[in-house]
Amino acid sequence: MLKYAFKRIVQGLITVWFIATATFFAMHAVPGDPLSGDKALSDKTRANLEAKYGLDKPLMTQYGIYLANIAKGDFGISFTQENRKVNDIIREHFPVSATLGILAILFAGAGGILWGALTALYRNRLPDTIIMFLVILGISVPSFVVAAIGQLSLVNINDLAGVSLLPIGGWGTVWHMIVPSMVLGLGTMAYLTRLMRSSMLEIISSDFVRTAKAKGVPPTQIFTRHQLRNAILPVITVLGPSIAGITTGGFVVEIIFAIPGLGRYFVQAVQQLDYTVIMGTTVFFGAFLVFMVILVDIIYGYVDPRVRLE
Amino acid sequence: MSDVNYTQPDGEESFAKAAGKQLLGFGLATVVFFGLLMWGLQTLASMVGSSTVSAKAVDAENQSITIAIATEPPQMDSTLATDASSGMILGHVMEGLLRNSMDDKIEAAIAERWEINATQATFWLRDDARWSDGEPITAHDFVFAWRSALKPENASEYAFLLYPIKNGRAVNEGDLPYTELGVRAVDDQTLVVDLERPIAFFDKLVAFPTYLPIREDFYNATNGRFGADAWEMLYSGPFMITSWVHGSSLLLERNPYYWDQDSISLQQINIGYITSDGTAKLNFFKDNKIAFTTLLAENLTNAMAQRWHIERTQDGTVFFLDFNHRPDHVTSNRNLRKALQLVLDMEELVYKVTKLPGYIPGESLFPTWLQGVEDKFRKEYPAPELILDRDEALRHLELAKQELGIDEIPELILLSGDNPLSSLQSEWVQEVLRTKLGISVKIDKQIFKQRLAKMTAGEFDMVLAGWGPDYDDPLTFGDLYASWNKNNRGLYNNPEMDRLIEQAQNSVVPRERMETFAAIQQLLFDDVAQLPMYERGVTFVIHPHLKNVKQRVIGASTDFTRAYIDTTAY
């Protein structure tokens with residue numbers, strides 16, 4: 001077990017190094033100049049700025065310095081917010097994205113498993129048809145549409161009620177989190193519902209369920225012990241990467257609901273060619289994703305005794 | 001499906017019932033779990049003491065308003081700030097020697113009087129001007145800030161605005177030590193500035209954020225983090241930032257030490273939301289969460305349906321079609337440019353294509369709001385009249401082909417922004433040139449930084465470009481096509497233009513200067529150095545109780561400093 005974890009962590013580090021390297025060179029290959037702005041710079045000012053950010057050095061030297069800094073956990077200073085460290089940006093904004101993301105994934109996971117089990121139980125009957133129709137909608141409608149509709153309906157509900165039932169944006173209390181996390185988790189929930197449904201259907205018709213029924217095991221036990229538990233496995237498999245996906249992919253929801261998450265910085269940095277923030281957030285998110293995948297693999301070992309971690 | 005024919009219907013029915021009940025139990029448990037989780041998080045959040053945005057748009061009881069801004073101010077060190085968002089906040093929390101008044105004139109601020117002659121400017125500071133910690137604001141604070149803006153190692157992008165100060169450029173380029181800068185504090189209340197050369201609009205420059213004061217001992221105590229957080233700034237203006245949650249909110253509260261208390265009526269400006277999404281902001285406005293928002297084109301009908309009071313104005317920026325004048329591009333040919341000028345109808349663009357309120361068709365690089373000698377510049381010196389004429393255009397096109405020695409004009413590359421409005425405009429240009437002149441245009445959409453990079457590298461024939469003013473003098477636009485100006489990315493090079501610009505820069509006689517600008521305006525037209533497209537408009541809605549909000553062309557905009565709440569108004 002320990003040996004396995006160690007091996008996976010080493011593999012993970014190599015993956016992160018690869019992500020860092022690929023991002024570094026891709027970023028420098030993108031046309032455009034991180035120092036350019038509305039007004040052109042004088043040669044002297046440009047030279048001073050280049051010196052400040054180390055852009056005057058050869059590319060390979062920059063790469064070396066940058067790898068050494070990452071090893072120390074220092075991502076440098078932002079190009080656009082000149083007196084903020086990238087580390088501070090991540091430290092201040094990642095918890096917001098993470099809170100939102102975890103809530104969204106809990107919502108998606110719980111909803112997906114429940115709806116999936118329900119549809120499998122009532123397959124080809126009315127509840128199944130309705131839910132599966134909504135699931136198709138949930139998968140195919142992009143999050144910016146869901147977010148906009150979600151916010152607009154909230155405005156109208158508040159308007160009808162005459163008081164603010166729930167805030168339509170901003171951040172600070174739990175009330176601010178409810179609607180954005182639901183919007184953020186909706187797509188994943190729809191996906192998980194489908195996954196859970198087909199996985200349940202497979203289990204329902206399996207031999208051990210039939211045997212259990214023949215033995216006269218009470219239906220409640222068959223349902224929870226034999227069906228749900230086994231059907232949940234594939235859901236857990238995709239849960240890990242989708243945690244990372246949701247936590248990092250909240251950009252649109254963050255903008256529409258005015259939430260100070262890291263996703264905004266991630267996307268804006270690319271548009272503004274803010275080298276240090278691009279590198280910092282990509283490496284951070286990359287490491288996060290790798291970590292989640294390893295974690296899921298280890299959890300898998302506990303949920304399914306057939307999986308041996310070696 | 002794998003579930004066909006495997007068990008009898010009635011057995012399944014009872015199983016489904018039992019399992020369904022259990023599932024319901026799980027569902028209820030999940031709901032309870034989420035309830036508990038929310039409760040736990042709320043308790044946790046209140047323990048950490050994070051911010052709560054629940055304020056009303058306009059709160060007359062507490063004299064407080066809530067607004068939203070598009071982006072977090074990236075740079076609150078006034079010597080380094082270049083963007084509109086930082087400028088807007090700085091305009092509320094800082095004040096310099098002079099300021100822009102509510103009727104767009106220069107008025108006394110920290111300096112109670114001033115004198116500017118050909119070689120020197122003297123400012124006498126008022127003795128009741130105080131920093132937000134109660135210490136007096138002295139002439140030394142200005143000397144420190146201006147030197148700091150020009151120090152080469154600080155690499156301030158707006159340092160050039162201080163070049164009119166004696167030795168300003170030399171200090172900025174590292175040729176002279178900063179102590180040689182021509183500014184000195186004669187005593188705590190008198191600031192004397194030696195000028196590099198006579199300058200007609202130094203008072204207007206002094207109102208710019210780069211000229212704001214910074215106190216040396218405070219700056220040094222922040223260890224290079226000056227302006228990074230609310231407690232790492234010292235305020236000289238009517239408000240001070242008392243809370244700043246990055247990316248989320250800023251709270252501006254009345255500065256008790258501000259000298260001009262009587263002109264301020266609000267106690268609090270709560271910037272509760274930071275989002276660049278215009279529709280989201282409109283939703284906040286509709287939900288009575290914010291008191292002001294600008295409108296996007298797509299929200300306009302929605303806003304009108306609500307019967308809100310919609311206001312419009314211009315933001316001061318001029319947009320134009322800029323040409324690549326490098327000799328290896330066909331657009332360096334004047335007859336070709338003339339042909340384009342004669343068919344592109346900017347009134348059609350503004351009134352029939354983009355159809356946005358507040359936008360004005362472009363006639364000149366010098367926008368309508370610029371001040372001339374006594375009246376507006378454009379009233380005193382109207383833009384040259386353009387008579388559209390397709391036949392004439394075709395004649396110029398033939399001439400161009402002869403001069404260039406080609407049979408057909410090659411496909412022109414039009415560099416454009418990646419937003420919907422730019423797309424609409426570039427497609428219009430493409431269509432007009434195709435139908436009227438038979439010239440094909442290829443649109444090259446790029447994000448801002450990449451468009452700048454392509455402009456600098458000269459990889460375009462035409463580009464949709466814009467220029468915003470720094471100070472209220474025609475020179476802020478007028479020197480754009482000087483051969484030495486780095487913002488002249490199409491490399492327009494005309495000795496006559498250079499001569500006129502130098503003349504405008506060196507003269508201090510108002511009438512003579514304005515005539516020079518009129519000559520520049522004429523030359524730009526005759527030589528078709530560029531094609532003015534439009535002056536950008538802004539449309540916005542304001543809470544009916546909030547009065548005296550100022551939309552500025554120059555300086556911090558939108559300006560809420562002198563706003564007040566009138567609950568009787570509707």
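The values are calculated or read from the model by the stated rules, or taken from the named source; none is laboratory data. Computed from a predicted structure; not experimentally measured. Neighbour counts run over all protein chains shown; Cβ positions are idealised from the backbone, glycine included. Please note that ligands, DNA and RNA were not included when accessible areas were found on the heavy atoms of the full protein model with its side chains. Shrake-Rupley method; radii C 1.70, N 1.55, O 1.52, S 1.80 Å.
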Q.
Residue under question is A:Ser181, and the condition is that it be open to solvent by less than 10 Å² (accessible area, probe 1.4 Å) and among the polar types (S, T, N, Q); does it hold?
A. yes
**Q.** B:Leu234, sole failed condition from (1) surrounded by 16 or more Cβ atoms within 10 Å (Cβ to Cβ); (2) more than 22 Å from the chain's Cα centre (by Cα); (3) under 18 Å from B:Ile116 (Cβ atoms)
**A.** (3)
Q.
Quick test for you: out of B:Ser276, B:Ser236, B:Ser263, pick the one residue that is within 25 Å of A:Leu165 (Cα to Cα), among the hydroxyl-bearing types (Ser, Thr, Tyr) and in contact (Cβ under 8 Å) with a residue 12 or more places away in the chain.
A. B:Ser276
Q.
Looking at B:Val171, B:Val183, B:Val193, can you tell me which residue is within 14 Å of another protein chain (Cβ to nearest Cβ), buried (at least 19 other Cβ atoms within 10 Å of the Cβ), touching a residue at least 24 places away in the same chain (Cβ under 8 Å) and of a type in the set (A, V, I, L, M)?
A. B:Val171
Q) Tally time: how many residues in the stretch A:121-151 are within 8 Å of chain B (Cβ to nearest Cβ), over 30 Å from B:Trp244 (Cβ atoms) and part of a helix (DSSP H, G or I)? A) 1
Q: Determine whether the stretch A:292-306 contains at least one residue that is outside any helix (DSSP H, G or I), surrounded by fewer than 24 Cβ atoms within 10 Å (Cβ to Cβ) and free of Cβ contacts under 8 Å to residues at least 24 places away in the same chain.
A: yes
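So that you can scan it fast, the table gives a plain yes or no per residue for (1) more than 25 Å from B:Leu356 (Cβ to Cβ); (2) in contact with a strand residue (DSSP E or B) (Cβ under 8 Å, 6 or more places away or on another chain); (3) modelled with pLDDT under 95; (4) outside the structural domain of B:Val553 (by TED's automatic domain parsing):
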| position | (1), (2), (3), (4) |
| --- | --- |
| B:Val373 | yes, no, yes, yes |
| B:Lys376 | no, no, yes, yes |
| B:Glu408 | yes, no, yes, yes |
| B:Pro420 | no, no, yes, yes |
| B:Val429 | no, yes, no, yes |
| B:Gln446 | no, yes, yes, yes |
| B:Val463 | no, yes, no, yes |
| B:Gly468 | no, yes, yes, yes |
| B:Tyr471 | yes, no, yes, yes |
**Q.** Residues located in the stretch A:61-106, provided they are closer than 30 Å to A:Leu195 by Cα and either surrounded by fewer than 23 Cβ atoms within 10 Å (Cβ to Cβ) or β-branched (Val, Ile, Thr) (or both)
**A.** A:Phe94, A:Pro95, A:Val96, A:Ala98, A:Thr99, A:Ile102, A:Ile105, A:Leu106
Q.
Scan the stretch B:418-439 and tell me whether some residue there is charged (D, E, K, R), open to solvent by 30 Å² or more (accessible area, probe 1.4 Å) and within 14 Å of another protein chain (Cβ to nearest Cβ).
A. yes
Q | Filter result (open to solvent by less than 20 Å² (accessible area, probe 1.4 Å) and among the aromatic types (Phe, Trp, Tyr)) within the stretch B:355-407 | A | B:Phe366, B:Phe377
Q) Given A:Ala47, A:Ala40, A:Ala68, A:Ala51, which one is at pLDDT 90 or above and of a type outside the set (Phe, Trp, Tyr)? A) A:Ala68
Q: For the stretch B:209-221, indicate whether the set of residues that are more than 22 Å from A:Gly37 (Cα to Cα), at pLDDT below 95 and not in a helix (DSSP H, G or I) is non-empty.
A: no
Q: Could you please give the count of residues in the stretch B:260-299 that are facing chain A (nearest Cβ under 8 Å) and within 23 Å of the chain's Cα centre (by Cα)?
A: 9
Q. Does the stretch A:194-216 include one or more residues that are under 23 Å from the mean Cα position of the chain (by Cα) and small (Gly, Ala, Ser)?
A. no
Q. Quick one: would you say A:Ala51 is surrounded by fewer than 16 Cβ atoms within 10 Å (Cβ to Cβ) and facing chain B (nearest Cβ under 10 Å)?
A. yes
Q | Failed item, numbered, when B:Leu176 is tested on (1) over 29 Å from the mean Cα position of the chain (by Cα); (2) more than 14 Å from chain A (Cβ to nearest Cβ); (3) of a type in the set (A, V, I, L, M, F, W, C) | A | (2)
